[in-house]
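Below is one structure, written out as structure tokens; the observations come after it.
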Amino acid sequence: MSAPSSPLVPWPYPRWIAHRGAGKLAPENTLAAFRLGAQYGYRMFECDAKLSADGVPFLMHDATLERTTNGHGTGGDRPWAELAQLDAGGWHSRSYAGEPLPTLENLARYCIANGFFLNIEIKPTPGQEEVTGRVVGEYAARLWQGQPVPPLFSSFKPEALAGAMATAPHIPRALLIDALWDGCLDRAQALGCVAIVCNHALWDQALVAQVHGLGMRTLSYTVNDDWAAQRLIALGTDGIITDRVDFFSPAKP
Ligand code: G3P
Ligand code: MG
């Protein structure tokens, strides 16, 4: 006999989520990117958040500064006053030169003012998993206080989700999974997760049924091909994170 299934958690978020703001069309995780994603009709964004050396949550994907800024070394080793001086747009193209690294607070203000939804991927500098979750949780709880829909936290690092759960238990959490690992769904449940965000190739009918049966939602990253999006929609999954904001229209049913 199969285990009784839990009711699916309510889901206030749109299906389509713009990865790092506008995928590759603008410098990832800058406000310019989120503005561009919004121009393409996106109402929900994914971003990557980590801590400066003095504990300010800011947006950057990599641990190191080289790829997406004109700085050097580990971003998390620098105080915010130093990070705030960097050019996070010039690496992408001339038209974005001088674009600064945003704080999480900058992006929160933009999303709240415009009624946009946000998926905050907690992307800790290695070794700072728990504290990053805690501080991002504190910031988000304060910034979204009184807002109708909270942001959605996600992380590949269960310790980061545990930190966020400690300081912002009311903000929903999702476990990111690149490859299925032993006990990952149990771990997600223990962390009170409302969703699993998978590498899209991992979803099949059985896994969608299993995760939905546990009451959690099913999201995918990073989906840039039509065939993949069609497959995920046919499987009945709940959310798609894409770089291709110029190809997928969130307004299309
Ligand atoms: O949050 C989904 C996706 O962004 C996870 O991978 O490496 O692009 O942050 P990554
Ligand atoms: Mg990410």
Selected residue (only one of 25, 31, 36, 51 is in contact (Cβ under 8 Å) with a residue 24 or more places away in the chain and under 21 Å from residue 155 (Cβ atoms)):
51
Residue count, region 78-97, condition under 19 Å from residue 24 (Cβ atoms) and in a loop (DSSP other than H, G, I, E, B), comes to 8
Name the single residue that is farthest from residue 114 (Cα to Cα) among those in region 33-77 being within 16 Å of ligand 2 (Cβ to nearest atom), among the charged types (D, E, K, R) and assigned to a loop (DSSP other than H, G, I, E, B).
67
Subset of region 164-186 [out of contact with any Pro (no Cβ under 8 Å at 6 or more places or on another chain) and either within 16 Å of ligand 1 (Cβ to nearest atom) or among the β-branched types (Val, Ile, Thr) (or both)]
164, 167, 173, 174, 176, 177, 178, 179, 180, 181, 184
Selection count, region 113-131, where residues are in a loop (DSSP other than H, G, I, E, B) and away from ligand 2 (no atom under 14 Å from the Cβ):
6
Within region 99-138, considering residues that are surrounded by fewer than 18 Cβ atoms within 10 Å (Cβ to Cβ) and aromatic (Phe, Trp, Tyr), the one nearest to the chain's Cα centre (by Cα)
117
Kindly indicate which of 225, 238, 243 is surrounded by 18 or more Cβ atoms within 10 Å (Cβ to Cβ), more than 23 Å from residue 12 (Cβ to Cβ) and either in contact (Cβ under 8 Å) with a residue 40 or more places away in the chain or not polar (S, T, N, Q) (or both).
243
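Among 141, 174, 97, which is more than 16 Å from ligand 2 (Cβ to nearest atom), at pLDDT 95 or above and farther than 22 Å from residue 40 by Cα?
Testing whether each residue is more than 16 Å from ligand 2 (Cβ to nearest atom), at pLDDT 95 or above and farther than 22 Å from residue 40 by Cα leaves just 141.
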Spot the failing condition for residue 236; the list is (1) more than 16 Å from ligand 2 (Cβ to nearest atom); (2) small (Gly, Ala, Ser); (3) farther than 21 Å from residue 4 by Cα; (4) modelled with pLDDT of 95 or more, and only one is missed.
(3)
Here the qualifying pairs (Cβ atoms under 9 Å; residues six or more apart or on different chains; first in region 108-122 and charged (D, E, K, R); second in a helix (DSSP H, G or I) and modelled with pLDDT of 95 or more) come out as 109/143
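The values are calculated or read from the model by the stated rules, or taken from the named source; none is laboratory data. Predicted model, so just to flag it, every value in this text is computed and none were measured. Using ideal geometry, Cβ is built from the backbone for each residue, glycine included, and neighbour counts are taken over all protein chains shown.
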